[in-house]
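Working notes, beginning with the structure itself.
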Amino acid sequence: MKVRYIAYDSFGVKSMCTQVKTKDTTLTIDPGIAIETSSFPLPEEWRMKLVERYHNRIRKSCEMSEFILISHYHYDHHLLDIDLYRGKKLIVKNPEKNINRSQRQRGAELMEYIAGEVEGICYGDDRIFIVGSETIISLSEAMWHGKKNTKLGYVLMVEVTDSDKRFLYTSDLNGVYLREQAEVIIERRPDILVMDGFPSYLLGYVTSHESLKSVLENTILILEKTNCEKYIIDHHLLRDYRFREIYYEVYRRAEELGKNVLTAAEDSGMKPMVLEGYERNGPTRWKKWDNYTFDKLDEMIKKAKKKRDS
């Protein structure tokens, strides 16, 4: 099995597009892309050029693939670009079941867009597909895109196994918010695990320090209970140049355990673009910060509760 990171936030674009190649087939997961947020430390023109560059990489990956998988209908995970889908076999999130209104609309839009251009379209929710002599593509049941009852809806996790490796892609759990999500990941026993990280750039007005603490605890549990060759943590977290300090407790525990925690860029031999931009252009929203230790988070959570109760 060969895993390639096609477009990721650590490369400087909103995406989590991944290619997996086995002896039997090649598949591209989540061929979507969007421009990084304004807090990303690169000029808008540069961010747009990165979108163009990695959009082309996504197209090339899809050209090489037999299967295209779509875990949910946010635009950084799928695009209305017929060149990505024509002549391919699609495995997609059910656009009518376990889905919120906006994703239902986007799913219907995609189905209408590709009608007549794609023959094989399967809903992947909680299904297993056997390809060739040894490749198994498994998709989870619909899982919350973050906390329970979130307005963001649901996603599917994707697992690909062959006689060589077991690869697991979480899609957008928003950093494994829920303990039951962590338990599913642990039960899968992956050799290579790709997880999206917590959206720390939204801390304080969309996400909370309490939620961050839960995500860190769940991520550490995964590190302790699995034995992956590598743990890729990327996507939302890599929109924040403080990502190492935000995930301080995860990196600290990984070092204690001798676990290999990397971004997609680092596993590709590159510096995360958010750090490169910060070093070139300086800070945007965040000027000073400390390591987000559990003690510090407990203090922040206590202050927030006191403020709410006053």
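Each value in this text was obtained by applying a stated rule to the coordinates, not by laboratory testing. What you see is a predicted model, and the numbers here were worked out from it, not measured in a lab. Note that each Cβ is placed from the backbone with ideal geometry, even for glycine, and that neighbours are counted across all protein chains shown.
For this structure, a couple of remarks:
- 16 Å Cα-Cα reach of Lys165 towards aspartates and glutamates, excluding residues that sit fewer than 8 places from it in its own chain: Asp24, Glu134, Glu187, Asp191, Glu229
- Cross-link table Lys88/Lys259; Lys147/Lys296; Lys148/Lys307; Lys14/Lys97, entries beyond 30 Å C-alpha to C-alpha: Lys88/Lys259
- Over the chain, Cα pairs under 8 Å with separation of 6+ residues give a relative contact order of 16 percent.
- Scattering from the chain was approximated by placing one identical point on each alpha carbon and applying the Debye formula without solvent; log10 I(q)/I(0) at 0.09, 0.12 1/Å stands at -0.43, -0.78.
- Extension gain, Asn281 back to Arg104 (0.36 nm per residue minus Cα-Cα distance, nm): 59.8 nm
- Packing-based order for 169-182, 254-267, using average beta carbon neighbours within 10 Å, highest first: 169-182, 254-267
- Local electrostatic count, Ile33, Cβ distance below 12 Å [Lys/Arg +1, Asp/Glu -1]: -1
- Estimated [θ] at 222 nm from DSSP helical runs (n ≥ 4, -39500 (n - 2.57)) normalised by residues in the chain, nearest 500: -10500 deg cm²/dmol
- Computed lengthening from Glu96 to Glu119, 0.36 nm per intervening residue step minus Cα-Cα distance: 6.4 nm
- Taking label points 7 Å from Cα along the Cα-to-Cβ direction, Glu217 and Arg179 give a separation of 0.7 nm.
- The overall shape of segment 1-118, judged from the alpha-carbon gyration tensor, is oblate: a/c is not under 1.5, and a/b is no greater than b/c.
- Each DSSP beta bridge with both residues in segment 2-305 is either parallel or antiparallel, and the antiparallel ones are about 55%.
- Extension gain, Asp126 to Thr293, is 56.5 nm, computed as 0.36 nm per intervening residue step minus the present C-alpha separation.
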